[in-house]
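A.B. asks: So that we are looking at the same thing, I have put the structure below in structure tokens.
The values are calculated or read from the model by the stated rules, or taken from the named source; none is laboratory data. These numbers were taken from a predicted model, which means no experiment stands behind them. Please note: Cβ atoms are built from the backbone with ideal geometry, for glycine as well, and neighbour counts cover all protein chains shown.
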Amino acid sequence: MTEAMRDDEAMRDDGAMRDNAAIIGRDDVNDLAAIMAVRNTDWGERRHDVHSDYDTVFTWDYEKGARPKLDKLYEKAKRSQWNAQTDLPWDTEVDQEALVVANAAANGGFLRDVDVTGTPVASWGDAEWIQFGVESQNWTLSQFMHGEQGALVCTAKIVESVPWVDAKYYAATQVMDEARHVEVFSKYLDDKLSGHYPINAHLRLLLDDIIADSRWDMTYLGMQIMVEGLALAAFGFMHQITTEPLLKQLLRYVMSDESRHVAFGVLSLQEHYAGLTSAELRERQEFAFEAAVRMRDRFLQQEVWDKMGVDPKAVVPVLLQAPEREMFQNILFSKIVPNCKKLGLLDAADGWLRTKFTELGVIGFEDWADTGEEYEQLQQAPAQAS
Ligand SMILES: [Fe+2]
Ligand SMILES: [Fe+2]
């Protein structure tokens, strides 16, 4: 942890409230120029070190099942392990270009009704849009893979830092799940797609903040509630629209694990939050807001435009006007908002997070099913699921 981060944590421990600039580095959440100014400049980087100061906690209370819901989840997780190498039909042929073309045809063309006159893509024909679709898929699956590594590392940290034995047991099964998820996305990229992308700068900022925070419950909030909540929605969306059978099945397997992971976060934090003060809950709200904004920012796919040789600033603002774009962006929050509500985070501290989620345009999801309610249905054996 850097000195500045320690100061920041100390300041928050004093109960000081932070504004948008302090939380997300800009005043206006929708300031596109500021969002696009955050860039990954070290594309050739092979490793990335993050320092973290936290206590590794031993417990001498070995009573299994003291927290029955966590224990039930642990038993479920042990029965739900699958093998990434042998349980999926890896011999499926994947034609990326044909899938891009079919997807565009099903959705009314590459651009639908967006007017790109005067932008660098105005002269693009089918060949460029197909290439863009292929790169966009490479980018999306690459970011899934990096996010999965974030989950692997964060959950290993939870095994060390959470004080309850039932939670350590459960988290240990999640570490194995996440290793498998990194493995499947990496294999899919290598065997079926056509190139990897480095981690998006916004996603990396978020993962760095989650792993650097010394408080165990912040790891849960950042990873199990926010990142995995968004992943569950994103995988669900892609599972619904993709016509590629291998990817469809792969996502179904991963989703059955992810729903358990999000439920694990909700169950653990519900108990912990019951003992927190309003000022402490406000810090959790700020962290949830930061995570929400960082995840929204990453979906601009700046790196894809760079690769296509187009300045993202010249085209992203125009493409963002497409109505279905906003719908897609918002649907990603369909799991996060109800789970934050279940944890009491929307209305704690005078409803600060409710106000922020209203500004982001996602508060409408507050009464959707939370993952504690729906995870059972996602737990059916993936092999039997469609
Ligand atoms: Fe995962
Ligand atoms: Fe997960």
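A.B. asks: Among the helices (runs of 4 or more DSSP H) contained in the range 29-128, which hold 3 or more residues that are surrounded by 15 or more Cβ atoms within 10 Å (Cβ to Cβ) and free of Cβ contacts under 8 Å to residues at least 40 places away in the same chain? Walk me through how you get there before you give the answer.
C.D. replies: Numbers: elements: 32-37, 68-79, 96-106.
Here the list reads 96-106.
A.B. asks: Of the conditions (1) at pLDDT below 95; (2) hydroxyl-bearing (S, T, Y); (3) not in a helix (DSSP H, G or I), S259 clears all except one; give me its number.
C.D. replies: (3)
A.B. asks: List the helices (runs of 4 or more DSSP H) inside the range 322-381, counting only whole elements, that have at least 3 residues being modelled with pLDDT of 85 or more. Give the steps one after another, and end with the answer.
C.D. replies: Numbers: elements: 323-331, 336-342, 348-359, 371-378.
Once the helices (runs of 4 or more DSSP H) in the range 322-381 are filtered for at least 3 residues that are modelled with pLDDT of 85 or more, what remains is 336-342, 348-359.
A.B. asks: Still on this model: Of the residues that sit in the range 129-145 and are within 16 Å of ligand 1 (Cβ to nearest atom), free of Cβ contacts under 8 Å to residues at least 60 places away in the same chain and not hydroxyl-bearing (S, T, Y), which one is surrounded by the most Cβ atoms within 10 Å (Cβ to Cβ)?
C.D. replies: Checked the range 129-145; the qualifying residue surrounded by the most Cβ atoms within 10 Å (Cβ to Cβ) is M145.
A.B. asks: Filter the range 99-133 down to residues that are among the hydrophobic types (A, V, I, L, M, F, W, C) and farther than 20 Å from E303 by Cα, then give me how many there are.
C.D. replies: Kept after step one, since they are among the hydrophobic types (A, V, I, L, M, F, W, C), are these residues of the range 99-133: 99-102, 104-106, 110-111, 114, 116, 121-122, 124, 127, 129-130, 132.
Still in the list and also farther than 20 Å from E303 by Cα: 99, 101-102, 104-106, 114.
Number satisfying all stated conditions: 7.
A.B. asks: Also, I was wondering about something else. Which is within 13 Å of ligand 1 (Cβ to nearest atom), charged (D, E, K, R) and touching a helix residue (DSSP H, G or I) at 6+ places or on another chain (Cβ under 6 Å), of E148, E183? Break it down stepwise before answering.
C.D. replies: Values: E183 fails: touching a helix residue (DSSP H, G or I) at 6+ places or on another chain (Cβ under 6 Å).
From the options E148, E183, the qualifying one is E148.
A.B. asks: Could you list, in sequence order, the residues of the range 224-275 that are charged (D, E, K, R) and within 15 Å of ligand 2 (Cβ to nearest atom)? Step through it out loud before you land on a result.
C.D. replies: Taking the range 224-275 and keeping what is charged (D, E, K, R), we get 228, 244, 248, 252, 257-258, 260, 271.
Once the filter is applied, which keeps residues that are charged (D, E, K, R) and within 15 Å of ligand 2 (Cβ to nearest atom), the range 224-275 yields E228, R252, D257, E258, R260.
A.B. asks: Out of L203, L193, report the one residue that is of a type outside the set (K, R), under 13 Å from the mean Cα position of the chain (by Cα) and more than 13 Å from ligand 1 (Cβ to nearest atom).
C.D. replies: Exactly one of L203, L193 is of a type outside the set (K, R), under 13 Å from the mean Cα position of the chain (by Cα) and more than 13 Å from ligand 1 (Cβ to nearest atom), namely L203.
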